[in-house]
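Here's the structure, in structure tokens; my notes come after.
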Amino acid sequence: MNHVTINCAPADLPALRDFYMTALGLTEGPRPAFTFPGHWLYLDGRPVVHLAGRDAIAPGTRAPARGGAGFDHVAFTAEGVEAARARLGAAGIAYEEAPVPGFPLHQIFLADPLGQRIELTFAV
């Protein structure tokens, strides 16, 4: 996967940017001069989350409810499950843990401020 783009109201951009930087440890980096506001957030020098402010979206518009058609969540390979727990806890970000039966993986699920589910997958 190259990146994920999250559309939102322009007014929601700061909260989403801050969430992804805090929860996932992403950093803001260069972004082309598009005609709409937004942010590109980087992981290891690559822009992996693109936030796009769209005037047609009302502030606070939530992600679709789970269980319907389409994407359920986006997953990131992560390291340091204890550090992730500490970072999320310190920021007051709610999360659920899900060990993967029969696989050497551990998952942490969380939701961004607009309800988009995020998975962090750790090798154990």
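Do you know the relative contact order of the range 1-83, to the nearest whole percent, from alpha carbon pairs under 8 angstrom that are 6+ apart?
Working: 109 pairs, mean separation 29.2, N = 83.
Here the relative contact order equals 35 percent.
Would you please state which residues of the range 46-72 a label at Ala15 would reach in this model, taking the label point 7 Å out along Cα→Cβ and a backbone N cut-off of under 19 Å?
Counting backbone N atoms under 19 Å from the label point, the list is 50-66.
Out of the DSSP beta bridges found with both residues in the chain, what percent are antiparallel (nearest 5)?
Values: 21 of 32 bridges.
Once the DSSP bridges in the chain are tallied, antiparallel ones form about 65 percent.
Along the Cα→Cβ direction, 7 angstrom out, place labels at Ala123 and Ala65. What is the inter-label distance in nm?
4.0
Scanning the chain for trypsin sites (Lys or Arg not before Pro) in DSSP loops with at most 16 other Cβ atoms within 10 Å, what's the longest stretch left with none? Mind showing how you got there, number by number?
Details: sites that count: Arg54, Arg62, Arg66.
Here the longest segment lacking exposed loop sites spans 67-124.
Go ahead and estimate [θ] at 222 nm for the chain from helices alone: -39,500 (n - 2.57) per DSSP H run with n ≥ 4, summed, over the residue count, rounded to 500.
Details: 2 runs with 22 residues, N = 124.
The helix contribution divided over the chain gives -5500 deg cm²/dmol.
As I understand it, the value is the acute angle between the Cα axis of helix 81-90 and the longest principal axis of the Cα atoms of the chain; what does it come to in degrees, rounded to 10?
Computed tilt is about 50 degrees.
Readers should treat all values here as calculations from the given coordinates under stated rules, not as data from a laboratory. This structure is a prediction, so every number in the text was calculated from the model and none was measured. Because the Cβ atoms are built from the backbone with ideal geometry, glycine has one as well, and the counts that use them run over all protein chains shown.
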